[in-house]
Amino acid sequence: METKEKTPKVKNTWEIKDRYYHLLNDNSPLTFRINSRHSARKPLMWFDEEKGYNRELRYATNQKSCFVDEQDGLVTLGHIVFEDGVLMVPKSDIALQKMLSLYHPNRNRLYSEKDDVQEAIDDLDYLELEIEALNMAKQMDIDDAEAILRVEQGSSVSQMSSKELKRDLLLFARSNSSLFLELANDENVGLRNFGIKAAEANIISLSQDQRTFSWASNGRKLMNVPFDENPYSALAAWFKTDEGVEVYKSIEKKLK
């Protein structure tokens, strides 16, 4: 049974230009062929809402239309082959362009048309995100920088100089801007870093099963880690409770 897809909105005038199509998911085999004509084994149909029925598709190099019901006389069948993941269809082959851009069922499933305008929009969005991340990283104080980098690099940040921290923070902001901004806007990142530093300083300890935080000096339990939560994320949230605030203040004095 054919799936009825919503009729794409077709512009009144078709822009005459060369068009490029790319396989999705960065696939780039030497050659990749997609279905170019309808068959029982590989259906190639498009539901026409105006006409109210499925229309058979077929790529014929000597025809003006990709619809079988609009083709006349003998047809010369053509193949649709991507090379290294790319297919360029010249402006002279409008029938194939329309078949690929408007009607083929594998459109936006196996391949998509290269859209220069959309790519420019995406590039601009990424560049603006990168600028925002770099500006925030440049103005960030050392404690916050350490907290963010600790998420990425672990305890090694404790041995880094302030210059090394700032350098790596800027590199991180540039290479993964969205994650950097997510961490920078996460109010618990600093508290997680505080908890890790307290454990590294042997002020508090985490049990081997990572289920319990205790005072390192006497083993008295501070809190239980909820099931399936990151221990230090749970500790950061606990620091905001009435009991946790008092423990936080006590640890803060010991770290100074």
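Structure summary
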{"read-out": "Length released on extending from Lys221 to Asp26, taking residue separation times 0.36 nm less the Cα-Cα span", "value": "65.1 nm"}
{"read-out": "Accessible area in square angstrom per residue, the range 53-111, 1.4 angstrom probe", "value": "52"}
{"read-out": "Accessible solvent surface per residue of the range 138-256, calculated while the other protein chains remain in place, 1.4 angstrom probe, Å²", "value": "59"}
{"read-out": "Mean shadow area of the range 166-207 over all directions, Cα convex hull, nm²", "value": "3.9"}
{"read-out": "Histogram of C-alpha separations across the chain, 10 Å bin width, %", "value": "6, 21, 18, 12, 12, 15, 11, 5, 1, 0"}
{"read-out": "The range 123-203 - percent of accessible surface contributed by carbon and sulfur, probe 1.4 Å", "value": "48"}
{"read-out": "Largest-first ellipsoid semi-axes for the range 70-201, taking √(5λ) over the Cα gyration tensor eigenvalues, angstrom", "value": "53, 15, 12"}
{"read-out": "Heavy-atom accessible area order for Ser177, Ser112, largest first, 1.4 Å probe", "value": "Ser112, Ser177"}
{"read-out": "Centre separation in Å (Cα based) which lies between the range 196-223 and the range 94-138", "value": "49"}
{"read-out": "Loop-located GluC sites (Glu not before Pro) in the range 223-256, at most 14 other Cβ atoms within 10 Å (DSSP)", "value": "Glu229"}
{"read-out": "Selected from Ser217, Ser36, Ser101 as most flexible by GNM, with the chain as the system and alpha-carbon contacts under 10 Å", "value": "Ser217"}
{"read-out": "FRET efficiency, Arg55 to Lys91 (Cβ-Cβ, R0 22 Å, nearest 0.05)", "value": "0.35"}
{"read-out": "Quarter of the Cα convex hull surface for the range 22-86, i.e. its orientation-mean projected area (nm²)", "value": "5.8"}
{"read-out": "Where chymotrypsin sites (Phe, Trp or Tyr not before Pro) fall in DSSP loop in the range 8-74, at most 15 other Cβ within 10 Å", "value": "Trp14"}
{"read-out": "Point-to-point label distance, Asp186-Leu127, nm (Cα→Cβ direction, 7 Å offset)", "value": "3.0"}
{"read-out": "Antiparallel bridge percentage (DSSP; both residues within the chain; nearest 5)", "value": "95"}
{"read-out": "Candidates Asn218, Asn193, Asn27, ranked by Gaussian network fluctuation over the chain, Cα under 10 Å, top entry", "value": "Asn218"}
{"read-out": "Selection of GluC sites (Glu not before Pro), the range 50-135, meeting DSSP coil and at most 11 other Cβ within 10 Å", "value": "Glu50"}
{"read-out": "Order by protection proxy (mean Cβ within 10 Å, highest first), peptides 143-149, 180-186, 75-81", "value": "143-149, 180-186, 75-81"}
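The values are calculated or read from the model by the stated rules, or taken from the named source; none is laboratory data. Note that the structure is predicted; figures quoted are calculated from it, not measured. Every residue, glycine as well, gets a Cβ built from its backbone with ideal geometry; the counts of neighbours run over all protein chains shown. Accessible surface is based on the protein model in full, side chains and every heavy atom, while ligands, DNA and RNA are left aside. Shrake-Rupley method; radii C 1.70, N 1.55, O 1.52, S 1.80 Å.
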